[in-house]
Amino acid sequence: MCAMNKKCLKTLEYDRIIGMLCEHTSSELGRKKASSLLPSSSLFDIDLLQQNTEDALGRILRDGSVSFNARSDMKESVQRLCKGSSLGTQELLSLALLLENTLRVRSYGQNEKAAPDSLSDLFLVLAPLSPLCKEIRRCILSEDEIADDASPTLHSIRKKQKSANDRIHTQLSKMVSDTYRTYLQDAVITMRDNRYCIPVRAEYKSNVPGMIHDQSSSASTFFIEPAAIVELNNELRRLQLEEAEEIRLILADLSDKCREHTDELSADIETLAELDLIFAKGALALDQNAHRPVYNEKGIVRLVKARHPLLPKETAVPIDVTLGDGYDLLVITGPNTGGKTVSLKTVGLLSLMGQSGLHIPAAETSELTVFTEVFADIGDEQSIEQSLSTFSSHMKNIVEIMKKADSKSLCLFDELGAGTDPTEGAALAISILENFHKKQIRTMATTHYSELKIYALNTKGVENAGCEFDVESLAPTYRLITGIPGKSNAFAISKRLGLPDTVIDRAREQISENDSSFEDVISRLERDRNTLEEANREIERYKHDIEVLKDTYERRRVKLDEQKERIINEAKEEARTILKDAKTLADSAIRNINKSGASVGTLEEDRRSLREAIGKNTSDPLAKKPSAKGTHKASDFKLGTSVHILSMDLDGHVHCLPDAKGNLLVQCGIININTNISDLKITEEESSHKHSSGQKGAGVKGLSKAGSISSELNLIGLKVDEAVPKLDKYLDDAYLSHLTSVRIVHGKGTGALRKAVTEHLRKVSYVASFRAGEFGEGDAGVTIVEFK
């Protein structure tokens with residue numbers, strides 16, 4: 001792990017991410033590991049950490065979560081074993097619990113149906129030591145109770161104890177109920193100083209021979225051990241001491257057996273803690289809907305649909321940010337509360353998370369690069385104790401950053417040059433950014449200064465970005481637009497809030513002509529950008545429609561090719577059979593001719609049979625029946641006429657009138673097919689007749705499917721190779737039926753069906769997005785699909 005400066009980690013709120021990670025751990029050691037997690041600067045280590053997290057997330061989705069719960073940190077107990085000490089009952093029971101948990105976790109990790117992954121070796125390292133665990137459980141029943149059969153000696157001692165207890169109770173019961181009944185305060189047997197006694201009234205204490213062990217607070221009762229049972233009490237006490245010594249030996253023996261496996265125990269403790277941390281990362285990724293970033297060594301950061309992980313994922317507006325690809329300095333401008341600072345923190349925090357092995361809340365195509373250090377000067381750090389103003393405090397930070405930053409660093413500056421004279425502040429900000437730009441340091445800075453916007457426009461390797469703002473609603477959209485500087489929109493906001501026009505007009509007069517022209521240019525650029533975006537969206541819609549048609553025709557072509565090949569193969573097989581039969585018949589005739597005894601009648605009969613067989617078999621097996629052709633004239637076709645395409649066996653309506661060659665377009669559902677009148681049959685009369693009898697016409701045959709398509713497909717119970725074709729056909733039908741979204745029910749199970757559904761959906765061009773069901777929608781057993 002690299003020594004990232006703690007100030008940056010705190011500024012970017014990395015500690016809050018670590019707090020969220022700790023909440024997903026289930027053991028004390030796992031929490032300790034999570035709380036000390038720091039970003040790494042080794043690409044090899046980062047890739048391994050990311051792979052571990054990805055595999056843990058996959059296992060959680062496939063097999064569910066696993067608990068690594070442990071009552072306490074057993075490291076100290078194992079260290080005591082290494083030093084030769086014996087463990088108590090509580091520590092031995094904790095070791096047994098550790099081994100039971102180890103067995104459960106190892107069983108979870110060894111899924112025979114799943115392919116090996118980066119965590120498989122960690123699960124294999126776990127040693128449950130089942131014989132040792134069973135021995136501890138056999139001997140120790142609870143923290144306060146050792147089993148009678150823990151050893152033969154303990155069993156014998158406890159048997160003698162029971163016998164001595166029985167004899168004592170027999171004699172005392174006789175004394176209480178008969179011999180000393182009149183002398184007793186109560187007819188009970190009690191214990192004092194771990195010896196059996198009877199409560200004797202004070203005036204009769206001399207009548208009961210024995211040892212006085214205690215008296216009541218009122219001195220009216222004396223607790224006397226009768227002389228007749230003193231020896232029995234002595235024997236019982238001796239047996240108790242023997243029992244304690246035997247238990248000590250049993251615990252020492254169990255400790256010795258544990259001592260033989262201290263290496264395995266230490267490895268189990270460390271591995272369980274490591275797995276707890278890894279699965280906590282997977283659970284956090286699932287909770288944040290995060291993905292594994294792609295790492296590059298080109299110094300490029302490319303975040304797609306990135307969200308700040310501390311903002312509610314339901315309301316956070318995702319942003320797209322690129323840095324290091326064509327420019328290493330990004331100047332962000334825009335109104336206050338427009339999202340400039342959040343954009344800075346998002347880039348910085350996601351970089352730290354990625355280098356810590358955490359998935360990031362961004363699209364799967366997002367890219368990150370490895371930074372050896374991340375610096376951030378964000379927020380008001382005015383210090384009264386150190387007599388530092390806001391400007392001085394920021395400048396002190398910037399000086400430190402300039403000393404330490406290099407080409408492998410990421411630097412983030414919020415409101416650079418603020419807190420002093422605007423002219424001097426802008427000049428200073430440009431000079432500072434120029435210094436970082438010359439060193440090729442990846443840098444992002446927010447500002448309100450127009451001078452920095454102009455600097456970004458005129459400097460190679462520097463780019464503007466603006467936070468979008470809706471003047472009509474006086475609310476920021478939080479979208480980050482790269483390539484165009486943002487506007488403060490101060491005049492528009494003030495006017496919307498009711499500031500008089502005279503005041504605003506006067507304010508405009510105070511702005512220089514160059515500044516005014518610059519703002520006008522920005523406004524025009526923004527309008528042009530909006531127009532271009534709308535045009536691009538329209539192009540994308542057309543491209544999508546074309547792709548749908550292309551896919552439809554391609555599937556139909558493949559189907560026709562398959563049918564053609566099948567028919568040809570069947571015809572060839574039939575021809576081979578015919579030739580074989582003809583050869584057999586000819587051979588038989590030749591044999592008869594060669595027989596000297598064949599009669600003329602027999603030969604004539606064979607000749608006739610052979611001629612008939614050859615005549616029958618020489619017919620072309622591949623000859624096609626005359627194809628049906630339409631007999632209609634061009635004038636018979638009107639717009640909307642119901643027709644049947646003979647060659648394709650499809651029904652539709654005339655979409656445009658035939659040309660001079662008889663070519664026209666027929667609309668079948670949402671698809672227009674170019675054909676000729678010779679391939680058409682008018683079905684309008686049949687349609688009218690069928691309508692009159694209460695049936696649907698042939699013209700709407702192709703559209704009847706749209707009304708019967710359900711918005712839900714249930715794949716539960718199907719195998720993957722059965723479910724995928726069914727899913728593919730259903731998606732085609734649902735899309736062509738203009739459904740906006742559908743619900744795929746695949747259940748949770750092993751996760752194989754869910755994975756197959758997800759992989760197939762990624763390949764379907766007309767699927768806009770898909771997600772797992774939320775609470776109330778079916779959770780992970782359901783996938784919601786949105787069409788484009």
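Summary table
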{"item": "Test for R158: is it open to solvent by 40 Å² or more (accessible area, probe 1.4 Å) and more than 16 Å from L239 (Cβ to Cβ)", "result": "no"}
{"item": "Selection status of F279, among the aromatic types (F, W, Y), at pLDDT 95 or above and surrounded by 14 or more Cβ atoms within 10 Å (Cβ to Cβ)", "result": "yes"}
{"item": "In segment 330-371, the residues that are open to solvent by 10 Å² or more (accessible area, probe 1.4 Å), hydrophobic (A, V, I, L, M, F, W, C) and touching a Lys or Arg at 6+ places or on another chain (Cβ under 9 Å)", "result": "A363, V370"}
{"item": "Selected residue (criterion: nearest to V374 (Cα to Cα)) from residues of segment 436-469 that are among the basic types (K, R) and modelled with pLDDT of 90 or more", "result": "R442"}
{"item": "Lone unmet requirement of (1) over 19 Å from L87 (Cβ atoms); (2) open to solvent by 80 Å² or more (accessible area, probe 1.4 Å); (3) not in a helix (DSSP H, G or I) for S118", "result": "(2)"}
{"item": "Qualifying residue in segment 255-264 (condition: under 60 Å from the mean Cα position of the chain (by Cα) and outside any helix (DSSP H, G or I))", "result": "yes"}
{"item": "Strands (runs of 3 or more DSSP E) (entirely within segment 193-238) containing at least 3 residues that are under 25 Å from N165 (Cβ atoms), open to solvent by 50 Å² or more (accessible area, probe 1.4 Å) and not basic (K, R)", "result": "210-215"}
{"item": "So L350, is it modelled with pLDDT of 95 or more, among the aliphatic types (A, V, I, L, M) and either out of contact with any Phe, Trp or Tyr (no Cβ under 6 Å at 6 or more places or on another chain) or on the phi < 0 side of the Ramachandran plot (or both)", "result": "yes"}
{"item": "Output for segment 690-743, where each listed residue is modelled with pLDDT under 80 and either surrounded by fewer than 12 Cβ atoms within 10 Å (Cβ to Cβ) or basic (K, R) (or both)", "result": "K690, S692, S693, G694, Q695, K696, K701, S704, K705, G707, S708, H738"}
{"item": "Residue list for segment 750-768, filter: in contact with a Lys or Arg (Cβ under 9 Å, 6 or more places away or on another chain) and either open to solvent by 20 Å² or more (accessible area, probe 1.4 Å) or part of a loop (DSSP other than H, G, I, E, B) (or both)", "result": "T750, G751, A752, L753, R754, K755, S765, Y766, A768"}
{"item": "Failed item in (1) closer than 18 Å to D414 by Cβ; (2) buried (at least 24 other Cβ atoms within 10 Å of the Cβ); (3) within 25 Å of the chain's Cα centre (by Cα), with F375 passing the rest", "result": "(3)"}
{"item": "Flag if R555 is at pLDDT 75 or above, of a type in the set (K, R) and more than 30 Å from L646 (Cβ to Cβ)", "result": "no"}
{"item": "Any hit, segment 540-547, residues being modelled with pLDDT under 80, farther than 29 Å from A306 by Cβ and open to solvent by less than 100 Å² (accessible area, probe 1.4 Å)", "result": "no"}
{"item": "Tally, over segment 49-103, of residues that are within 33 Å of the chain's Cα centre (by Cα) and either open to solvent by less than 30 Å² (accessible area, probe 1.4 Å) or of a type outside the set (D, E) (or both)", "result": "30"}
{"item": "Among the residues listed as A445, A429, the single one being without any contact (Cβ under 8 Å) to a residue 24 or more places away in the chain and surrounded by 21 or more Cβ atoms within 10 Å (Cβ to Cβ)", "result": "A429"}
{"item": "Qualifying residue in segment 414-425 (condition: in contact (Cβ under 8 Å) with a residue 60 or more places away in the chain and within 41 Å of the chain's Cα centre (by Cα))", "result": "yes"}
{"item": "Check on I247, assigned to a helix (DSSP H, G or I), among the β-branched types (V, I, T) and at pLDDT 85 or above", "result": "yes"}
{"item": "M175, sole failed condition from (1) open to solvent by 70 Å² or more (accessible area, probe 1.4 Å); (2) in a helix (DSSP H, G or I)", "result": "(1)"}
{"item": "Test for S383: is it modelled with pLDDT under 90, out of contact with any helix residue (DSSP H, G or I) (no Cβ under 9 Å at 6 or more places or on another chain) and surrounded by fewer than 24 Cβ atoms within 10 Å (Cβ to Cβ)", "result": "no"}
{"item": "Given (1) aliphatic (A, V, I, L, M); (2) assigned to a helix (DSSP H, G or I); (3) crowded, with 16+ Cβ neighbours inside 10 Å, index of the condition L124 fails", "result": "(3)"}
{"item": "Lone qualifier among R16, R31 - being within 30 Å of A96 (Cβ to Cβ) and open to solvent by 40 Å² or more (accessible area, probe 1.4 Å)", "result": "R31"}
{"item": "Every pair of residues 6+ apart whose Cβ atoms lie under 6 Å, when the first sits in segment 315-336 and is over 22 Å from E451 (Cβ atoms) while the second is in a loop (DSSP other than H, G, I, E, B) and of a type in the set (G, A, S)", "result": "G324/G299"}
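The values are calculated or read from the model by the stated rules, or taken from the named source; none is laboratory data. Model, not experiment: these values are computed from the prediction. When we count neighbours, we look across all protein chains shown, and the Cβ atoms used for this are built from the backbone with ideal geometry, even at glycine. Quick note on the areas: whole protein, heavy atoms, side chains included, nothing else; ligands and nucleic acids left out. Shrake-Rupley method; radii C 1.70, N 1.55, O 1.52, S 1.80 Å.
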